[in-house]
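Taking it in order: structure first as structure tokens, then the write-up.
The values are calculated or read from the model by the stated rules, or taken from the named source; none is laboratory data. Because the structure is predicted, anything quoted here is derived from the model rather than measured. Cβ coordinates were reconstructed from backbone atoms using ideal geometry, including for glycine residues, and neighbour counts include every protein chain displayed.
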Amino acid sequence: ALATGGYGTALGVITSSHEQGKVSQVWVDETRPLLQGARLTSWELERLGIPYKLVTDSSVGTLMSRGLVDR
């Protein structure tokens, strides 16, 4: 939780859901131009042991249109 003092906001929900077996993998958007997703979110997920896949900003629409986001 880089920006908070414990369980963060969105990452807190993901962590809790992963602990309950509701989330098996997280899609991480690179988040240009500063690459917060690629640098920070992926680092936190790795540290927490939550599986993730890093994707480019431009591929998110394709993932959603193919129904891959909820898998």
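Per-residue answers, yes or no, for (1) modelled with pLDDT of 90 or more; (2) part of a helix (DSSP H, G or I):
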| site | (1), (2) |
| --- | --- |
| H18 | yes, yes |
| G37 | no, yes |
| L45 | yes, yes |
| I50 | yes, no |
| S59 | yes, yes |
| R71 | no, no |
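Within segment 31-48, take every residue that is under 10 Å from the mean Cα position of the chain (by Cα) and of a type in the set (S, T, Y) and give me the one that is surrounded by the fewest Cβ atoms within 10 Å (Cβ to Cβ).
S42
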